[in-house]
Amino acid sequence: MTDELVLTLTVNGRPVTARGGAHLTLLRWLRDVVHVTDPKYGCGEGICGACTVLVDGEPVSSCILLAAQVTGSSVVTASGLSNEDGSPSLLQRAFHAHHAAQCGFCTPGMIVAAAALLAEGGNRSRTELREALHGNLCRCTGYGPILDAIEAAYAEGGEAGVG
Amino acid sequence: MFVKPFRYVRVHDVAEACDLLRDEEEAKVLAGGQSLLPLINAGLFEPGLLVDIAHVPAMQGVARSDGYLEVGALACHAELASNAEVRAGQPLLARAASHVGNPRIRNRGTIGGSLAHADPAAELPLALTALGATVVATDGRTVREIKADEFALSYLSTQLRADELVAHLRVPLLGPGWGWSFTELSRRSGDFAIVAVAVLLRCADGHVLEARVAAAGVGERPVRLGGVEAALSGATRLELPERLGPVREVDPASDAVASAEYRRGLLATLVRRGVDEAFARSEEP
């Protein structure tokens with residue numbers, strides 16, 4: 001029961017141990033303590049999805065989750081979706097090919113949310129995709145190309161799109 | 001985002017949690033944190049200590065017992081929406097859980113947390129009110145049972161004392177002959193409902209024998225609509241519309257989202273739709 005905690009998490013496949021304030025959200029711990037800056041701070045309420053990361057495979061809002069709550073867990077952020085050799089995954093390539101980013105602020109959360117959907121397997125209609133992604137907001141309103149990219153990733157490789 | 005630092009402790013049993021809540025100043029329970037952390041991020045709440053109960057084994061999971069589902073307070077919304085026992089035993093609860101927030105919130109948010117937070121438009125307290133569920137609360141020494149429809153007192157306030165936790169919920173199973181529905185309107189998918197309505201109807205030979213109707217978003221806590229329930233008694237499906245007029249027993253307030261008049265009209269519409277859907281479902285094999 002201290003103000004500071006030493007936490008160990010696996011971040012994008014790499015074990016990381018760091019000391020930080022007990023009050024730090026996972027997002028702040030990632031960005032400010034271990035300098036993994038692809039998840040973004042948007043609303044601070046779990047609504048916009050810019051901070052989406054995978055914790056043990058499940059999408060969560062890292063802005064409303066304390067790092068202390070998930071110590072010992074495996075965290076994957078957008079940059080951790082790349083192939084092992086560092087090349088872009090199928091899903092990342094699809095986002096690139098379909099111009100699925102405008103200002104880019106929502107993109108790290110959007111692509112992590114999409115990766116979680118692909119990892120569930122199966123296929124989804126465009127309507128089902130919209131519903132599944134309703135918790136990720138793009139303030140440029142670039143939803144069309146984003147859905148195009150995810151549909152292309154489904155079509156080209158399904159689960160392999162996770163890379 | 002730049003919040004005042006606080007301390008954190010993870011506990012492994014209920015007594016340990018309640019002792020901390022008694023002994024430590026400004027201590028608050030943390031489960032999923034999906035309502036608490038937004039309040040902290042917004043600077044609306046500054047705890048001294050968060051007591052993380054998420055790993056208390058006795059408060060996990062869903063089990064079926066004689067006539068009831070025993071739902072651990074730490075069951076998350078995604079689990080309630082997908083759990084086979086819940087979907088078969090009390091589908092209204094599973095449907096209500098699927099309406100909460102977005103997939104990320106459903107992965108972390110808990111049913112006990114939703115009850116204890118007591119947002120007046122929240123789905124799960126509404127479902128538990130309609131279902132006649134029992135809240136089992138404990139201070140680590142004694143246990144008491146509180147009816148779900150009496151649990152919330154007003155906006156964001158409940159009967160829970162500062163050193164008490166919601167341990168689990170006892171939810172009656174859906175009996176034979178019962179139909180159900182859960183309907184809500186929100187401005188965007190994932191928002192809190194403007195108005196939400198939960199209905200349970202027991203029907204036989206084409207007539208309503210028993211009705212349980214509750215609404216959220218029309219007052220300071222979810223409410224049973226006794227007048228609507230009485231009006232439905234004995235009705236056939238074709239008679240339902242004439243039995244249902246304006247709902248006079250609630251007094252909704254106007255706010256930034258909707259006027260009182262709009263909420264009142266929406267409530268009448270959702271009750272009409274919800275009752276018809278529940279009746280139809282009661283006739284399914």
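What follows draws every value from the coordinates through simple rules; no lab data is involved. If you're wondering where the values come from, they're calculated on a predicted model, not measured in any experiment. Virtual Cβ from ideal backbone geometry, glycine too; neighbours counted across all protein chains shown.
Of note:
- Which of A:VAL60, B:VAL250, B:VAL171, B:VAL14 has the fewest Cβ neighbours within 10 Å, and the rest in rising order: B:VAL250, B:VAL14, B:VAL171, A:VAL60
- Projecting label points 7 angstrom from Cα along Cα→Cβ for B:ASP13 and B:LEU153 puts them 3.0 nm apart.
- Per-residue extension of 0.36 nm, minus the Cα-Cα distance of A:THR127 and A:ASP3, leaves a gain of 40.0 nm for this segment.
- Shape call, the protein assembly as shown: gyration tensor on alpha carbons, a/c limit 1.5: oblate
- Counting neighbouring beta carbons within 10 Å and listing from fewest to most, the residues B:VAL199, A:VAL6 come out as A:VAL6, B:VAL199.
- Inter-part distance where region A:23-53 and region B:81-125 are each reduced to a Cα centre, Å: 25 Å
- Were the residues from B:ALA230 through B:ALA84 laid out at 0.36 nm apart, the gain over their Cα-Cα distance would be 49.3 nm.
- Order of B:LYS28, A:LYS40 under a 10 Å beta carbon neighbour criterion, fewest first: B:LYS28, A:LYS40
- GNM flexibility winner over chain B from B:ASP139, B:ASP255, B:ASP23 (Cα, springs under 10 Å): B:ASP255
- Partner lysines for B:LYS147 [C-alpha distance under 30 Å; skip if fewer than 8 residues away on the same chain]: B:LYS28
- Lysines whose Cα lies under 27 Å from that of A:LYS40, excluding same-chain neighbours fewer than 8 positions away: B:LYS4
- Gain on full stretching of the segment that runs from B:GLU220 to B:ALA280 - 0.36 nm per residue minus C-alpha separation: 18.5 nm
- Chain B: most fluctuating residue of B:LEU200, B:LEU50, B:LEU92 per GNM, C-alpha cutoff 10 Å: B:LEU50
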